[in-house]
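The values are calculated or read from the model by the stated rules, or taken from the named source; none is laboratory data. As the structure is a computational prediction, the values presented were derived from the model and not from experiment. When we count neighbours, we look across all protein chains shown, and the Cβ atoms used for this are built from the backbone with ideal geometry, even at glycine. To get the accessible areas, we keep the full protein, side chains included, count just its heavy atoms, and leave off ligands, DNA and RNA. Shrake-Rupley method; radii C 1.70, N 1.55, O 1.52, S 1.80 Å.
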Amino acid sequence: MSLSAAVPLAAGSSPSPSPSPTAPGVPTLKDAQEHATNAASWVEQNWSTWLAIGLRVLLIVVIATVLRAAVRRAITKLIDRMNRTAGAVDGTALGGLLVNAERRRQRSQAIGSVLRSVASFLVLGTAALMILGTFQINLAPLLASAGVAGVAIGFGARNLVTDFLSGVFMILEDQYGVGDTIDAGVASGEVIEVGLRVTKLRGADGEIWYVRNGEVKRIGNLSQGWSTAGVDVTVRSDENLDKVKETLAGVGERMSKEEPWNEMLWGPIEVLGLDSVLLDSMVVRVSAKTMPGKALTVERELRWRIKRAFDEAGIAIVGGATVPVDGATAPDPTAGVAAPSAYASTVSPQSMAASPIPPPSTTK
């Protein structure tokens, strides 16, 4: 018999309550303490790894941001230097004619935009791949999927890619710019806007053409270098050639000394000589080198002055129908027309004689 059982209970005392059993599924304080201990232990074991990964990601982001800003700044300075180099000739006569401020601005803006976009894509794309590699993510499936998607997009949008690449090379090679007059094959006119995908032209009648850069197979730029103004003067075959040449040379000399023609003409107006000789006329060729896009204007003024000078010198300009020589009678236009036939009238003796004799009537 144990001691606890042998000792009698004191009067008025009650037995101590026994602990109640815990309901299943309800976490206890001991379980919470164990979970907290495990979490603290896991954090203590892995905090250095996560800290290293976080510092590595932060370092990649910082380097990428700084590198992107430095590259974009370098590209901006390069474009500004190109503009200053082109603007150095603005004070000269030739520079003022060939260099267009709007053209330089749009070209430099397009080139800078392309270079900055390419630089940002390369830097940020490389940084993103490095961050994924830091988290030990397998990049092989991602790169393979991106390659397949790129090929699919390339085939589906090949026209867009062609237009974009053609526009990039057109701008980089400076094939044309704002203010130039070009013949793009599919359309012609003055360039009013140059884009990476579409070039906008103003036609001769005021219409606006939107030409996709990928459709342009050839470009004839009428505003680069210089133009040639040529005028053909047709005179009679019996005119004095020395007098004709002297008159034309005088017209060219006076026009070369007057404004604004002296700026448009980049060379003397030359009488090249006889271009063709016919029985009743001959053609004298006059040519001059002009600034780009001003050939038609110079030709119109030159024709005006030549006509006035020839009228004062008594030299006739011929063309079109043959002009008869002075003293010769013009042929009668009715000489080749046949006389009317006598048989045209039904009451003429010839018609009456040629009419069939009616048969005699029979009487009963």
Checklist entry - What number goes with the only condition from (1) surrounded by fewer than 14 Cβ atoms within 10 Å (Cβ to Cβ); (2) at pLDDT below 80 that N159 does not pass? => result (2)
Next on the checklist: Give all pairs with beta carbons closer than 7 Å in which a residue from the stretch 180-197 that is open to solvent by 50 Å² or more (accessible area, probe 1.4 Å) meets a residue that is in a strand (DSSP E or B) and β-branched (V, I, T); count only pairs at least 6 apart in sequence or on separate chains.
Outcome noted: V186/V211; S188/I182; E190/T181
Next on the checklist: Suppose we filter the stretch 198-214 for residues that are surrounded by 14 or more Cβ atoms within 10 Å (Cβ to Cβ) and either touching a helix residue (DSSP H, G or I) at 6+ places or on another chain (Cβ under 8 Å) or β-branched (V, I, T) (or both); how many remain?
Outcome noted: 6
Next on the checklist: Looking at (1) part of a strand (DSSP E or B); (2) more than 30 Å from V168 (Cα to Cα), which one does V251 not meet, given that it meets all the others?
Outcome noted: (1)
Checklist outcome for this item: Considering the stretch 198-224, residues that are in contact (Cβ under 8 Å) with a residue 40 or more places away in the chain and among the β-branched types (V, I, T), and then whichever is farthest from V168 (Cα to Cα), we arrive at I219
Next on the checklist: Quick check on the stretch 286-307. Is at least one of its residues more than 30 Å from E190 (Cβ to Cβ) and at pLDDT 85 or above?
Outcome noted: no
